[in-house]
1. Out of all the residues in the stretch 356-371, which are out of contact with any Phe, Trp or Tyr (no Cβ under 9 Å at 6 or more places or on another chain) and either on the phi > 0 side of the Ramachandran plot or at pLDDT 80 or above (or both)?
2. When only residues in the stretch 62-83 that are away from the ligand (no atom under 11 Å from the Cβ), surrounded by fewer than 22 Cβ atoms within 10 Å (Cβ to Cβ) and not charged (D, E, K, R) count, which is farthest from residue 125 (Cα to Cα)?
3. Kindly list the number of the only condition in (1) farther than 27 Å from residue 146 by Cα; (2) in contact with an Asp or Glu (Cβ under 7 Å, 6 or more places away or on another chain) that fails for residue 251.
4. Could you pull out the residue among 102, 107 that is outside any loop (DSSP other than H, G, I, E, B) and either over 16 Å from residue 152 (Cα atoms) or near the ligand (Cβ under 9 Å from one of its atoms) (or both)?
5. Tell me, please, whether a residue that is surrounded by fewer than 14 Cβ atoms within 10 Å (Cβ to Cβ) and either β-branched (Val, Ile, Thr) or within 16 Å of residue 185 (Cβ to Cβ) (or both) can be found in the stretch 222-244.
6. Looking at the stretch 346-362 only, could you name the residues that are in a helix (DSSP H, G or I) and either touching a Cys at 6+ places or on another chain (Cβ under 8 Å) or closer than 20 Å to residue 397 by Cα (or both)?
7. Could you run through the stretch 172-186 and say how many residues are of a type in the set (D, E, K, R) and surrounded by 12 or more Cβ atoms within 10 Å (Cβ to Cβ)?
8. Among the residues of the stretch 270-287, are any farther than 30 Å from residue 356 by Cα and either buried (at least 20 other Cβ atoms within 10 Å of the Cβ) or charged (D, E, K, R) (or both)?
Amino acid sequence: KVAGLGLKKSHNQTAESDDSPDAANPAEASLLMKIIRQGLVESKLDIEVQRKDPNSPLYSVKTFEALHLKSNLLKGVYDMGFNAPSKIQETALPTLLADPPQNMIAQSQSGTGKTAAFVLAMLSRVDPTKNYPQVLCLSPTYELAIQTGEVAAKMAKFCPEIKLKYAVRGEEVPRGTKITDHIIIGTPGKMLDWGIKFGMFDLSKIKVFVLDEADVMIDRQGHQDQCVRIHKCLPPTCQMMFFSATYDSAVMEFAEIIVPNPIIIRLLREEESLDNIKQYYVKCKNAEEKYRAICNIYGVITIGQAIIFCHTRKTASWLSEKMSKDGHSVAVLSGELTVEQRIAVLDRFRAGLEKVLITTNVLSRGIDIEQVTLVVNFDMPMDMNRKADCETYLHRIGRTGRFGKAGIAINLIDSPQAMEICKDIENHFGKKIHLLDIEDAEEIE
Ligand code: ADP
């Protein structure tokens with residue numbers, strides 16, 4: 001299922017020790033989301049068009065037929081099980097496929113159909129009778145490039161004449177060779193080597209330039225400069241496409257460099273909310289008492305599945321050992337695991353093989369698992385200044401409209417500092433966090 005991933009260790013492994021805060025690395029988090037996702041993330045919100053060219057009306061489509069794709073490409077789209085364009089695709093595709101080509105900056109959360117949109121645009125722009133690269137797609141990492149390439153290969157299933165090449169580590173082309181494939185998907189360093197340093201293809205003949213996961217890209221040392229260097233060699237007629245899951249000012253500054261006269265579209269993320277969540281805190285003296293609190297809670301309420309968040313790997317593994325010894329079936333997900341191991345853990349948990357998932361901040365954002373009814377903050381989420389991290393709290397506890405079922409959140413408080421964080425969070429969201437007397441836990445049901 002994760003072809004090409006290899007068994008690369010997470011780079012967190014060497015960088016962090018067990019008792020420093022465990023956090024997600026954006027490239028890995030993005031990859032993990034892609035792999036564990038099951039289908040499209042639907043949104044009830046509307047597309048926001050931020051800037052448009054007054055000379056070319058922006059229209060949207062409700063069907064793939066309306067795009068007038070080559071028939072074998074349309075066949076490939078349907079073969080992937082796509083019946084109708086996703087929300088972002090409805091607006092993005094007519095623009096991406098328009099003639100004359102238009103530049104686009106598109107932002108929407110992961111899972112909304114961006115990759116499928118630009119891959120379709122890439123494939124439909126290729127002229128397979130010309131045997132040189134016409135489309136470049138830059139991804140932030142090896143693994144993400146492979147993921148995109150696999151989507152392209154699937155969609156081009158009935159277009160065997162279109163040739164695809166990966167410009168990633170491990171791929172070698174003998175010096176002096178000219179690349180004849182139509183599409184190159186790769187990381188900026190390798191693309192720069194092949195295109196500029198070794199002249200293996202002609203950048204001035206590129207028709208489409210895609211920058212994927214731009215927010216992850218700028219997070220990686222040197223990538224932004226490499227992208228800009230490649231970009232400088234492209235012809236002015238080249239169509240630029242820029243995709244990002246987030247939309248902060250750093251990403252937008254980068255976008256403005258890469259994409260002249262863009263149409264900018266955004267699909268806002270559905271807000272998470274605490275509305276259906278009953279929130280409690282429990283006073284504990286130390287970690288041992290926190291552990292007993294969890295056991296007590298388990299004794300009195302029927303729980304579907306639970307996720308317990310810890311600050312460090314050390315706490316996570318300590319807690320999992322204790323709970324296992326007491327006969328609970330627990331899974332642990334933390335930063336030292338490889339991507340494959342993380343996927344395996346999440347697959348098992350999703351299948352209900354373990355009832356409890358103990359994790360660190362590697363899982364701070366959205367695994368919407370419907371059966372999860374209890375979230376425990378073994379440690380309160382805090383930022384680098386040891387202040388309340390309200391955003392992370394919301395990601396851990398909150399639910400989007402999709403899985404708006406009622407849930408319970410319990411915060412374990414073992415210090416005045418933790419209590420202060422809890423109060424700050426309560427004030428921030430304006431939602432009461434109730435004191436729970438653990439000897440009397442029946443009251444929470
Ligand atoms: P993003 O790039 O925004 O993360 P993807 O293009 O990877 O989103 O799409 C997310 C998931 O939805 C993938 O599993 C993809 O196969 C699927 N998908 C994309 N477009 C459609 C569609 N029009 N209909 C059904 N499923 C789709």
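The values are calculated or read from the model by the stated rules, or taken from the named source; none is laboratory data. The structure displayed is predicted, hence computed values, not measured ones. When we count neighbours, we look across all protein chains shown, and the Cβ atoms used for this are built from the backbone with ideal geometry, even at glycine.
1. Correct list: 366 only.
2. Checked the stretch 62-83; the qualifying residue farthest from residue 125 (Cα to Cα) is 66.
3. (1)
4. One residue alone meets the criteria, 107.
5. yes
6. 346, 349, 350
7. Residues that pass the stated criteria total 2.
8. No, the conditions are met nowhere in the stretch 270-287.
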